[in-house]
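Structure, as structure tokens:
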Amino acid sequence: MAILSLLSSSRTRLSGLREPLRQAGLSALLTRGAPPHARAADHGSTEFSSPGGHRPPPLHWASVGSRTISSDVGMSLTQYGSTNHALTLHKRFYQTLRPQHPYCGPRASIATIEAHHSVNDPSEVQRRTFGSAAKSIQRNPAYSVLNSEDVSYFKSILGDNGVIQDKDRVAVANVDWMGKYKGASQLLLLPKSTNEVSKVLAYCDSRRLAVVPQGGNTGLVGGSVPVHDEVIVNLGGMDKIISFDNVNGILTCEAGCVLENLSTFVENEGFIMPLDLGAKGSCQIGGNISTNAGGLRFIRYGSLHGNVLGLEVVLANGTVLDMLTTLRKDNTGYDLKHLFVGSEGSLGIVTKVSILTPAKLPSTNVAFLSCNDYMSCQKLLLAARRGLGEIISAFEFMDRQCIDLAMAHLEGVHNPLPFSPYKFYVLIETTGSDESYDKAKLEAFLLRSMEDGLVADGVIAQDISQASNFWRIREGISEASVKVGAVYKYDLSIPVEKLYDIVEEMRSRLGDMAEVLGYGHLGDGNLHLNILSSKYSDNILAQIEPFVYEWTAGHRGSISAEHGLGQMKAEKIHYSKSPEAVQLMASIKKLVDPNSILNPYKVLPQSAL
């Protein structure tokens, strides 16, 4: 009862914070030097431990309904809101009650620095390359080599500004954001319309010039950069919002729209995007769909297969496949859009998207908890599904090594539980429509969980600064891991009861050779296995692969939960898919891209093609 009294008496009425929080979000967007995760005074959070140890904008009914932003070309997000990523990287707040998580994924500045460093020191990329990297993939001699006539043709379509040959600018597009994969493309194309993409692909197909579709280049498996000299087609110039239905929450836009800018737009309409990623300040919606990105809201809103209503896709021969419906129901023949969701640009280039956006809810609470063991984390997940039900929106877990890493390498973060050196930590977020009810429901759930021994210690965020700090820790793990030196990243889908076993087994295999940590989306059965060392080593890699894939396959898991296959895992697909399934995929690839010009050497093993 004493704990209940503490929780009730210390409860902050967050409704009074709405206008300041909205202003804080705007300030974070416009102020480069002030990180939004600067924490408020610690005493404002609600803390508990076991014994011993702004609302959605009102709808204007005169304007309700499907609204076209512009009759023909749409509204560019560079007009709606700045797409200067250097300014938007840290803008991780909703302009409402819910704190947006501080950006901590692949930053544009990091990618630029890595790429330019690689240009100056070619051996650096070799040093940073790991896994089954591009160096072992032989160029297909059937592909043509780019010549001056090709460049002249592209300029006739795109103009001089749409054809980039400058070595430094092309170098940035050649390297992934972590500096692990580097191609040797000599040409970067920047189309601004579907028609231009169509003409480019039709020409490339006729000449058999290989092409790499590229969005924000925030992937982790080398899927968005060339392997050899493929022509890079970047969709960043196609960033217009076409329409928004503010009754049904259906957004139609071009593929080059940055996810964070779309989030800002729909939030101002009273909705949210169904996915939220650490890389939202740079990643583009077309790339999100092409990789079937998962992210932090998966447990609540599911995958993009369920949220994408329609697509416009350009096939390898330049054919424009118009599937851009906004209908929730359309049971006429094969639902072809699903072929392109998650195909990583290997079947066609996504140019337009219609996507269902959920309503923005006014009440959000975030708790940061500690658990004594992994079994408690599992039981807590089950208890949360039962006790929190419809309001649970995130359930993330981290081991102690993740917390130590974040505290050591992330600027401006603070440990919410500095005196609780437990083995596991869980971040729970709830989102609902009734502030008082939701808060009371979360508090009651946490008290029961403590009484049952599932939670050892924890805090509930009382303002946006504290909630943002919690999220900064979780989302910052990937950023922090890169600062150590070398990082081997594996994105696995494993039955929840076995999910952490691979972390412990990997620690036994590697011993003092490397540090192993595990974190991820426990509610989705998605583990991010990170292995850190001072530099990349063949000896370490030999201990990791193929063991990690064999172990995952042995437990009927997936070797890629949400990152895709790219060039890192294309030859490993058999660990998760049967020979018959791989052959059918190869048959589809040959049907829609017979010359195999789209994103070659990725997704499928070369032997299948």
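The values are calculated or read from the model by the stated rules, or taken from the named source; none is laboratory data. It should be emphasised that the depicted structure is a prediction, and the values quoted were computed from it without experimental measurement. Cβ coordinates were reconstructed from backbone atoms using ideal geometry, including for glycine residues, and neighbour counts include every protein chain displayed. Accessible surface is based on the protein model in full, side chains and every heavy atom, while ligands, DNA and RNA are left aside. Shrake-Rupley method; radii C 1.70, N 1.55, O 1.52, S 1.80 Å.
Checked against the criteria, LYS589 counts as part of a helix (DSSP H, G or I) and of a type in the set (Lys, Arg). Pairing residues of segment 532-556 that are under 20 Å from MET178 (Cβ atoms) and of a type in the set (Phe, Trp, Tyr) with residues that are open to solvent by 60 Å² or more (accessible area, probe 1.4 Å) and part of a helix (DSSP H, G or I), at Cβ distances under 9 Å and at least 6 apart in sequence or on separate chains, gives TYR536/ARG127. Restricting attention to segment 406-464, which residues are closer than 24 Å to ALA480 by Cβ and among the polar types (S, T, N, Q)? ASN415, SER420, listed by residue number. Within the set THR291, THR252, the sole residue that is of a type in the set (S, T, N, Q) and in contact with a Ser or Thr (Cβ under 6 Å, 6 or more places away or on another chain) turns out to be THR252.
Screening segment 233-248 for residues that are surrounded by 23 or more Cβ atoms within 10 Å (Cβ to Cβ) and either at positive phi or aliphatic (A, V, I, L, M) (or both) and picking the one that is nearest to the chain's Cα centre (by Cα) gives LEU235.
Yes/no matrix, rows are residues, columns are (1) outside the structural domain of PRO418 (by TED's automatic domain parsing); (2) among the acidic types (Asp, Glu); (3) touching a strand residue (DSSP E or B) at 6+ places or on another chain (Cβ under 8 Å):
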{"site": "VAL266", "(1), (2), (3)": "yes, no, yes"}
{"site": "CYS283", "(1), (2), (3)": "yes, no, yes"}
{"site": "ILE299", "(1), (2), (3)": "yes, no, yes"}
{"site": "GLY302", "(1), (2), (3)": "yes, no, no"}
{"site": "ASN307", "(1), (2), (3)": "yes, no, yes"}
{"site": "LEU321", "(1), (2), (3)": "yes, no, yes"}
{"site": "ALA384", "(1), (2), (3)": "no, no, yes"}
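Against the numbered list (1) open to solvent by 50 Å² or more (accessible area, probe 1.4 Å); (2) assigned to a loop (DSSP other than H, G, I, E, B); (3) over 26 Å from THR431 (Cα atoms), SER346 comes up short only at (1).
Given the structure, is SER607 outside any loop (DSSP other than H, G, I, E, B), more than 30 Å from VAL211 (Cα to Cα) and open to solvent by 50 Å² or more (accessible area, probe 1.4 Å)? Judged against the criteria, SER607 is not a match. Of the strands (runs of 3 or more DSSP E) contained entirely in segment 208-258, those carrying at least 1 residues that are at pLDDT 95 or above and within 24 Å of ASP593 (Cβ to Cβ) fall at 211-214, 231-234, 250-254.
Residues that are modelled with pLDDT under 95, within 22 Å of the chain's Cα centre (by Cα) and open to solvent by 30 Å² or more (accessible area, probe 1.4 Å): does segment 523-543 have at least one? Checking segment 523-543: at least one residue is modelled with pLDDT under 95, within 22 Å of the chain's Cα centre (by Cα) and open to solvent by 30 Å² or more (accessible area, probe 1.4 Å).
Can you say whether SER596 is modelled with pLDDT of 95 or more and surrounded by 20 or more Cβ atoms within 10 Å (Cβ to Cβ), as far as the supplied structure shows? Judged against the criteria, SER596 is a match. Within segment 430-440, at least one residue is open to solvent by 10 Å² or more (accessible area, probe 1.4 Å) and within 23 Å of the chain's Cα centre (by Cα).
Only one entry in CYS377, CYS371 is touching a Lys or Arg at 6+ places or on another chain (Cβ under 9 Å), assigned by TED's automatic domain parsing to the domain that holds GLY518 and under 24 Å from LYS423 (Cα atoms), namely CYS371.
When VAL582 is tested against the conditions (1) touching a strand residue (DSSP E or B) at 6+ places or on another chain (Cβ under 8 Å); (2) assigned to a helix (DSSP H, G or I); (3) over 30 Å from ALA394 (Cβ atoms), the lone failure is (1). Evaluate the following for ALA367: is it over 30 Å from ILE531 (Cβ atoms) and either modelled with pLDDT of 95 or more or not acidic (Asp, Glu) (or both)? It is false that ALA367 is over 30 Å from ILE531 (Cβ atoms) and either modelled with pLDDT of 95 or more or not acidic (Asp, Glu) (or both). Taken over segment 352-361, the criterion of being surrounded by fewer than 20 Cβ atoms within 10 Å (Cβ to Cβ) and part of a loop (DSSP other than H, G, I, E, B) is satisfied by PRO358 alone.
With respect to the conditions (1) open to solvent by 10 Å² or more (accessible area, probe 1.4 Å); (2) of a type outside the set (Phe, Trp, Tyr); (3) at pLDDT 95 or above; (4) not in a helix (DSSP H, G or I), ASN292 lacks only one, and its number is (3). Can you find a residue that is open to solvent by less than 50 Å² (accessible area, probe 1.4 Å), under 25 Å from the mean Cα position of the chain (by Cα) and under 18 Å from LEU517 (Cβ atoms) anywhere in segment 380-390? Checked against the condition, which is being open to solvent by less than 50 Å² (accessible area, probe 1.4 Å), under 25 Å from the mean Cα position of the chain (by Cα) and under 18 Å from LEU517 (Cβ atoms), segment 380-390 yields no hits at all. Evaluated against (1) closer than 30 Å to TYR203 by Cβ; (2) at pLDDT 95 or above; (3) not charged (D, E, K, R), LEU517 falls short on exactly one condition, (1).
Only residues that are in a helix (DSSP H, G or I) and either among the polar types (S, T, N, Q) or open to solvent by 20 Å² or more (accessible area, probe 1.4 Å) (or both) were counted in segment 480-517, giving 16.
Please indicate, with yes or no, whether at least one residue in segment 150-160 is in contact with a Gly (Cβ under 6 Å, 6 or more places away or on another chain), over 23 Å from ASP239 (Cα atoms) and open to solvent by 10 Å² or more (accessible area, probe 1.4 Å). Taking every residue of segment 150-160 in turn, none turns out to be in contact with a Gly (Cβ under 6 Å, 6 or more places away or on another chain), over 23 Å from ASP239 (Cα atoms) and open to solvent by 10 Å² or more (accessible area, probe 1.4 Å).
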